[in-house]
Amino acid sequence: MPYFVYILASKRNGTLYVGVTNDLARRMTAHKFKLIPGFTRQYDVTLLVYFETFESVLEARARERSLKRWRRAWKLKLIEDLNPDWRDLTDELNTLAT
């Protein structure tokens, strides 16, 4: 079962959120429809701008902890390097499932 570490943004260079899940499509639905109270709902952080896949939950959680400790500038560079247009990658999740 794959695990995902992901970064959400409210807009380009906006508020960032780092999370981990074993079902990124389901989690993105929860974020988009604001089904779970908390940070992402309060700050309207719903754009999936970056994600990585891991084989083990231990690796994914370690990466999540690492990214959460990163400076904001490093996270912005990580996003910009792989997603320079800050596209919402949620639609690409459907291609992962097939």
Note to self: Here are the criteria: (1) in a helix (DSSP H, G or I); (2) more than 12 Å from Val18 (Cα to Cα). Tell me which single one Glu64 does not satisfy.
What the structure shows: (2)
Notebook entry, point to check: Residue check: is Tyr50 touching a strand residue (DSSP E or B) at 6+ places or on another chain (Cβ under 9 Å), without any contact (Cβ under 8 Å) to a residue 40 or more places away in the chain, assigned to a strand (DSSP E or B) and among the aromatic types (Phe, Trp, Tyr)?
Noted result: no
Next item on the list: State all residues of the range 7-39 that are within 11 Å of the chain's Cα centre (by Cα), more than 21 Å from Pro84 (Cβ to Cβ) and among the hydroxyl-bearing types (Ser, Thr, Tyr); if no residue qualifies, say none.
Entry: Thr21
Note to self: Restricting to the range 13-37, name every residue that is surrounded by 13 or more Cβ atoms within 10 Å (Cβ to Cβ) and touching a residue at least 40 places away in the same chain (Cβ under 8 Å).
What the structure shows: Leu16, Val18, Gly19, Val20, Leu24, Ala25, Met28, Lys32
Check: How many of the residues in the range 1-47 are out of contact with any His (no Cβ under 8 Å at 6 or more places or on another chain), assigned to a strand (DSSP E or B) and of a type in the set (A, V, I, L, M)?
Finding: 7
Notebook entry, point to check: Which one is nearest to Pro2 (Cα to Cα) among residues in the range 53-89 that are of a type in the set (Phe, Trp, Tyr) and in contact (Cβ under 8 Å) with a residue 40 or more places away in the chain?
Noted result: Phe54
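FYI, it's all coordinate maths here, none of it is from the lab. Being a predicted model, the structure only gives us computed values, none of them experimental. Note that we place each Cβ from the backbone using ideal geometry, even for glycine, and neighbour counts take in every protein chain shown.
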